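Visitor: Structure incoming, see below.
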Amino acid sequence: MSRHVHTGDEEAREPLLTGNDHLEPHELDSDEGEIIFDKAATNIRHNSDGNAQRRLTYEEAVEEAGFGLFHWLLLVVCGWANASDAVEILCVSFLLPTARCDLLLSSSDMGLLTASIFLGMMVGGYMWGYLADRRGRRRVLVVSLTVNGLFGGLASVAPWFWLFLLLRFISGIGVGGSIPVIFSYFSEFMPRLRRGAMISALATFWMAGNIVAAGLAWLVIPRTWARFSLGSLDFQSWRLFVVLCSVPSLTSALLFRLLMPESPKFLMEAAREKEAIHVFKAMFELNMWGKGKDFPEFGLRTSSKQRGESEETRTQGSRGETLGCILKKALVPIKQMFNGQFKSRSIVLLIVFYCISFGYYGLWMWFPELFERIEDGGSPCANVSLLSPLPNQSCYPVKTAVYMEGFVIAASNLPGNIFTILMMDSTGGKALLSCSLLVSSLSVMLIYLVKTKAQSLALSCVFSGVSVISWNALDVVGTELYPTHIRSSALGFFTGVARVAAITGNVVFGNLVDTNCAVPILLVSALLLTGGLVSLLLPQTRQTELT
């Protein structure tokens, strides 16, 4: 039986070696230390000893490595990193009902606080994404997760609001790097036919982060035993909650540092063939553990276009460059995104990312505050809180119902996550993205119209469960729309766009929630509707090959 492969833009139908053919390891050119391929290359090449050897494309090498234990381990480690980002982002929303009294925050101040981490993510998103495309995914993940956890934890001992705001901003820079790079890194280990379902499974860990954050808030913040004095600082229970929220990021960084290899797709693009084959071998050994199979020796091949891009990647930073040259090179991926074949899809994704981020983060971050306002019933917009806390106002004892409701809303993501895992590969991300955004728009509009607390909670759960389908679909579609050499940069750029939207949404909520609550809620509904309609213009990417 013969296998068919693709070389560059041409389709080749030549059989690869099979059966009992003897294979020897591929030797690199000792002078150049790189993969040597010419335009007329075939699937078979001979090494210096004259032995024939298979040369595989990236997709073929991934298939050769099998699917099994390695991929499930990768899912757990990347999933925990994804969950840690969710914990760090949602940490602020759960501490608002109590921290607003200790830090004497007005609604506008709370809007700035929730926006601070998104401002950091906006700064960090493209910067880390660009570095991941040039220096490697794994290294960037370790550093960004460490920045996230370290400065997030330090915020717990900040005595002043401005310092707390600054530390949350720096923590956000770390979060901005890990979110887009995790999905690029993870997707580059996945076989084509399993990629959609596995990326959807990775996205479900965001729900796990929501549940962890809500559960920790429910268990820790209402407890009086967690309060003690630290010098002149009154260390309240919400500060302990902030410390605990930093632990997932730090442990994720440690797991990546100790257990995970570099992306083989990145290594191939960087012309580091021996390292890429070593990663494929490690994948194979874990996946075939206990099955008694030997690793099939093979070489790797790439197109001339990819080789030229890898040459540029490897030479960057190898010689002294001015800051202007570095910044100019950093903008190259954005120019590539908005030119040629990528232009229309980039414009559509920009609109979709803005709409969903304004709506989701603008509303989600304010759920605990809105539910505190309807503790005694009524509509969220019918109960206006004080514009600023009075000096003698106390947030204690803490109303535990607020955190219980947050936990319920977080858990309501589960049906949407299960649905996307089951349907992503058969339906495709485009259809799921558009339909879920339209349903989310309707549920938000109804939140404004309801009059009881039970109705508000039910519709909030619907919004949460449906909007997570949008995010999962967007993760899959965004990963598959761009080639390897700009994938992390593109996702980092759109992460930055999303954070601008999140900042805008939180500032709008903070300034209008006390005076004209209907405006931000109905604006969220309108933007989600817009995103759902515009997403219909995206190309279909179901089970496409990564380039």
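The values are calculated or read from the model by the stated rules, or taken from the named source; none is laboratory data. Since the model is a prediction, treat every value here as computed from it, not as a measurement. Note that we place each Cβ from the backbone using ideal geometry, even for glycine, and neighbour counts take in every protein chain shown. When the accessible area is computed, the model is the full protein with side chains, heavy atoms only, and any ligands, DNA or RNA have been set aside. Shrake-Rupley method; radii C 1.70, N 1.55, O 1.52, S 1.80 Å.
Visitor: Using a basic spin-label model with each label point 7 Å from the Cα along Cα→Cβ, how many nm lie between residue 64 and residue 192?
Guide: Result for the modelled spin labels: 1.6 nm.
Visitor: Moving to a separate point now. Taking 0.36 nm per residue of separation and subtracting the Cα-Cα distance, what length does fully extending residue 400 through residue 160 add?
Guide: Stretched fully, the residue 400-residue 160 segment lengthens by 83.8 nm.
Visitor: Please state the shape class of segment 447-514: rounded when a/c is under 1.5, otherwise prolate if a/b exceeds b/c and oblate if not, all from the C-alpha gyration tensor.
Guide: oblate
Visitor: Sticking with this one: What FRET efficiency comes out for the pair residue 257/residue 281, r = Cβ-Cβ distance, R0 = 22 Å, nearest 0.05?
Guide: Step by step, r from the Cβ atoms, then E = 0.60.
Visitor: Might you tell me the accessible area per residue for segment 403-547, computed with a 1.4 Å probe and given in Å²?
Guide: I get 33 Å² per residue for segment 403-547.
Visitor: Starting from one equal scatterer on each C-alpha and no solvent at all, send me the Debye-based log10 I(q)/I(0) for segment 61-118 at q = 0.29 Å⁻¹, two decimals.
Guide: Debye output, listed in q order: -1.10.
Visitor: Rolling a 1.4 angstrom probe over the protein chains, ignoring ligands and nucleic acids, what is the accessible area of residue 469 in square angstrom, nearest 10?
Guide: Residue 469 exposes around 20 Å² with every protein chain in place.
Visitor: For segment 428-488, what relative contact order do you get, as a whole percent, if you take Cα pairs closer than 8 Å and at least 6 residues apart?
Guide: Reported as a whole number, the value is 47 percent.
Visitor: Any chance you could list the semi-axes, whole Å, largest first, of the equivalent ellipsoid that the Cα gyration tensor gives for segment 85-195, using √(5λ)?
Guide: Semi-axes (√(5λ), whole Å): 31, 14, 11.
Visitor: Calculate log10 I(q)/I(0) of segment 235-301 for q = 0.12, 0.21, 0.22 Å⁻¹, where I(q) comes from the Debye formula with a single equal point scatterer on each Cα and nothing for solvent.
Guide: -0.52, -0.92, -0.96
Visitor: Separate question: Let's see if you can work this out: charge +1 on each Lys and Arg Cβ, -1 on each Asp and Glu Cβ, no other charges. What is the dipole magnitude of segment 442-547 about its Cα centre, in debye to the nearest 20?
Guide: 200 debye
Visitor: Multiply the residue gap between residue 104 and residue 408 by 0.36 nm, knock off their C-alpha separation, and tell me the result in nm, one decimal place.
Guide: 106.6 nm
Visitor: Beta carbons within 10 angstrom, averaged per residue: use that to sort the peptides 343-352, 471-480, highest first.
Guide: Final packing ranking: 471-480, 343-352.
Visitor: Could you tell me how far the Cα centroid of segment 123-143 sits from the Cα centroid of segment 432-470, in Å?
Guide: Distance between centres, Cα-based: 34 Å.
Visitor: Per the 1.4 Å probe, what fraction of the accessible area of segment 136-194, in percent, lies on carbon and sulfur atoms?
Guide: Accessible surface attributable to carbon and sulfur in segment 136-194 totals 75 percent.
Visitor: Would you mind getting the Kirkwood hydrodynamic radius of segment 152-295 from its Cα pairs, rounded to one decimal in Å?
Guide: With all distinct Cα pairs of segment 152-295 included, I get 18.6 Å.
Visitor: If you average the C-alpha positions of segment 167-200 and of segment 479-547 separately, how far apart do those two centres end up, in angstrom?
Guide: Segment 167-200 and segment 479-547 have Cα centres separated by 16 Å.
Visitor: Pop out the carbon and sulfur fraction of the accessible area of segment 417-459 as a percent, whole number, probe 1.4 Å.
Guide: For segment 417-459, the apolar C and S fraction of the accessible surface comes to 80 percent.
Visitor: With the Cα gyration tensor of segment 397-547 in hand, give its eigenvalues times 5 under a square root as the equivalent ellipsoid semi-axes, listed largest first in whole angstrom.
Guide: Computed over segment 397-547, the values are 30, 18, 15 Å.
Visitor: What does the extension gain come out to for residue 341 and residue 446, with contour length at 0.36 nm per residue minus their alpha carbon separation?
Guide: Additional length available on full extension: 33.9 nm.
Visitor: Under the definition of Cα pairs under 8 Å and six or more residues apart, what whole-number percent is the relative contact order of segment 96-171?
Guide: About 37 percent, as a whole number.
Visitor: Which percent of Cα-Cα pairs in segment 166-222 sits in each 10 Å bin, short to long?
Guide: Computed distribution, short to long bins: 19, 35, 32, 12, 2.
Visitor: Another one. Just to compare against my own numbers: the Cα pair-distance distribution for segment 189-259, 5 Å bins, whole % per bin, please.
Guide: Reading upward from the zero bin: 3, 13, 15, 16, 16, 13, 9, 6, 4, 3, 2, 0.
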